[in-house]
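My questions will all concern the structure given below.
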Amino acid sequence: MMMVAACFTLTSFAQKAEFSNFHYEGNDVRFNKTIDPSNQYFNPILAGFYPDPSFCRVGDKFYLVNSSFAFFPGVPIFESDDLVNWTQIGHVLDRPSQLPLDGQGVSRGIFAPDIKYNPKNKTFYMITTSMRMGNFFVKTTDPHKGWSEPIPLPQIDGIDPSFFFDKDGSAYIVHNGPVDGGADYEGQRAIRIFRFDTKGDSIVGTYRQIVRGGTHVEARPIWIEGPHIYRIGKFYYLMCAEGGTGDWHSEVILRASVKSDPMDPASWEECPNNPILTQRTGLDPNRPDIVTSTGHADLLQDKQGNWWAVFLGCRAYEGPFYNTGRDTYMLPVTWKEGWPEILEKGKALPTVVDKQGLKPGGEVYTGNFSYTDRFDSQTLHQRWMFLRNPEMNRYEWGKGALIIQPSKADISQIAPVSAVFCRQQHTTFSAETEVAFLPKTSQDVAGMVLLQNENYNFVLGKTLLDGKPAVVLTRAERSKALIGSAFIGQNSQLKLKIEGDGRYYSFYYAENGNSWKPLAVGVDAVNLSTSRSGGFIGACIGLYATAQ
């Protein structure tokens, strides 16, 4: 597998920003609990911007993928022995030829990947929607060794495709699509199914519409999407998200006899207990550890015969607002009268879940944790992402610093900016760095960025103000405003720090090893929430440089 995280050498540039370290620390109240890591785990299992999870099992190993939108490399892929402790083994889309992102807004790019394993040909498949290329899949016999070039599926008109490989070798693709004959109301969608030829890597014939509108159609359901088909015992099960990605998000399920044709819409019956997962009604609004917007789930069975579901959810700090994006959660699945249930109606999603035989170790993606990156490895840690396809000759690491050559593009432009990003994974957190940079104009800035999208962000960095070196803070919510500034020495050793606590963030700087000085305290950061800004990502923290 090609590793984007390798050491590159800068082309000879006159100006550069040098980041000697980065430190992140999370301290959420919901995780200030003592658990037995061998028999209990925290929800979410992947904290921060890890939406739209899909997973599969092959023998004793589990594999999980998430949406990546306009970040590169795309589609992070994780491996686990126990479904709780995950190791990122790379990205499915790690070459520009697999993932062209030029001209893509932050929440464009890659939507809702689905990972499946076909035991008939011992091949992994990842299928997804690209806002630029349309629907496609890639495949491999070993996820550690890289994936094929994209194989396009132009017949699919819609999003969220998913594979189903039946026991007899038959294969299908289900997806969200337009309603035949046109929608009866806004938000009405359909689930379509195609046959798929695994030998020819191609769709066979035309689609059938198997769900029109969703479940409880008399209530005019919206955005039936994220479909998955499973064969379990005597039934095929079709599970879908419904209600949109906001507070009304849910998971619903239908089934059909294995003696029937899964492409026949008359074969499918609704679960009488739908939705089988939601947090939209019947809950105390003042409950601790609030999670909202649960849905977009996937199911699998472990070797012990237990069923599990992964799904997305959001840790709201106030009303509909959350800055951490859509996390990955997991719960055991129970069965009642032949129907699965992920969470009882009216029950709050638990933060601590029992699961025996866990194997803690490796990278930590949940709970309260901290890390420091000194950029002394020859490979850039996989927590770091680029926005769109990067110009790699602008980056260097591996010698105790991350060196970034500024580009002319700034964070407000849909262009290859010079920056690396990691996820804000906690509601209460701090992030700090030390940067050396010599700005030449007031348009030259190097430091930290908090990104939700091009029009909703913060930039904390060194620049020139009235011709003098200064540290400045700008806040963007459609328009950009300067909300903090301080003059500093030309050659000062400059440290920058951000502290977030729910909706409000504080920004600090320090010169030459002296104490932290506040630049702006208690700043409203609701602009980093998707409920305010729109889009699909969680807030990302960037090390960033731009110069004219």
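The values are calculated or read from the model by the stated rules, or taken from the named source; none is laboratory data. Keep in mind that this is a model prediction, so the values were computed, not measured. No Cβ is skipped: glycine too gets one built from the backbone with ideal geometry, and neighbour counts run over all protein chains shown. Quick note on the areas: whole protein, heavy atoms, side chains included, nothing else; ligands and nucleic acids left out. Shrake-Rupley method; radii C 1.70, N 1.55, O 1.52, S 1.80 Å.
So what are the ³J(HN,Hα) numbers for region 221-231, from phi and the Karplus equation (6.51, -1.76, 1.60; θ = phi - 60°), rounded to whole Hz, Gly and Pro as x?
So the J values, rounded to whole Hz, are x, 10, 6, 5, 7, x, x, 9, 10, 10, 10.
For LYS199, go through the lysines and keep the ones whose alpha-carbon is under 21 Å away, minus same-chain ones fewer than eight residues off.
Output for LYS199: LYS116, LYS120, LYS122, LYS139, LYS167.
Using modelled backbone amide H atoms (1.01 Å from N, in-plane), which distant-in-sequence or interchain residues come within less than 5 Å of PHE375's amide H?
Result for PHE375 returns nothing.
What is the local net charge at ASP82, summed over the other residues whose Cβ is closer than 15 Å to its Cβ (Lys, Arg +1; Asp, Glu -1)?
-2
Helix-derived [θ] at 222 nm for the chain: sum -39500 (n - 2.57) over DSSP H runs of at least 4, divide by residue count, nearest 500?
For the chain, the value works out to 0 deg cm²/dmol.
With +1 on each Lys and Arg Cβ and -1 on each Asp and Glu Cβ, and nothing else charged, work out how big the dipole of region 17-156 is about its Cα centre, in Debye to the nearest 20.
The calculation lands at about 520 debye.
Which residues does a label at GLU344 reach in region 300-328, if reach means a backbone N under 20 Å from a point 7 Å past the Cα toward the Cβ?
Residues 307-309 qualify, since their backbone N sits under 20 Å from the label point.
Additional query: With only alpha-carbon atoms in the gyration tensor, what are the semi-axes of the equivalent ellipsoid for region 423-497, in Å, largest first?
Equivalent ellipsoid semi-axes, largest first: 22, 16, 9 Å.
Take the Cα atoms of region 136-251, build their convex hull, and give its volume per residue in Å³.
Enclosed volume per residue, from the Cα hull, is 146 Å³.
Continuing with the same structure: Among the aspartates and glutamates, select those whose C-alpha is under 17 Å from the C-alpha of LYS234, and discard any that sit fewer than 8 residues away in the same chain.
Counting by Cα, and skipping residues close in sequence, LYS234 has these aspartates and glutamates nearby: ASP166, ASP168, ASP261, ASP264, GLU269, GLU270, GLU337.
From the alpha carbon gyration tensor of region 72-122, can you work out the equivalent ellipsoid semi-axes (sqrt of 5 times each eigenvalue) and give them in Å, largest to smallest?
Those come to 25, 15, 10 Å.
With the full set of protein chains in place, find how many percent of the accessible area of region 121-230 is carbon and sulfur; take the probe as 1.4 Å.
Whole-percent figure for carbon plus sulfur exposure: 50.
On full extension of the chain, what length is gained from ARG220 through GLN356, given 0.36 nm per residue of separation minus the C-alpha to C-alpha distance?
Length gained between ARG220 and GLN356: 44.8 nm.
Please list, ordered by chain and number, the residues whose modelled amide H lies under 5 Å from the amide H of LEU46; skip anything fewer than 5 residues away on the same chain.
THR328
Give me the dipole magnitude in Debye, nearest 20, for region 114-211 about the Cα centre, with unit charges on the beta carbon: positive for Lys and Arg, negative for Asp and Glu.
380 debye
Which whole-number value in Å² is the accessible area per residue of the chain, probe 1.4 Å?
38 Å²
Continuing with the same structure: PHE487: net charge of surrounding residues, Cβ under 9 Å, Lys/Arg +1, Asp/Glu -1, itself excluded?
With Lys, Arg at +1 and Asp, Glu at -1, the net is 0.
For VAL352, what accessible area in Å² do you get when you roll a 1.4 Å probe over the heavy atoms of the protein chains, rounding to the nearest 10?
Solvent-accessible area, nearest 10 Å²: 50 Å².
Any idea of LYS440's accessible area? Nearest 10 Å², probe 1.4 Å.
About 140 Å², ignoring ligands and nucleic acids.
Further, regarding this structure: Based on Cα positions only, what radius of gyration and what Dmax would you give for the chain, in angstroms?
According to the Cα coordinates of the chain, Rg and Dmax are 23.6, 77 Å.
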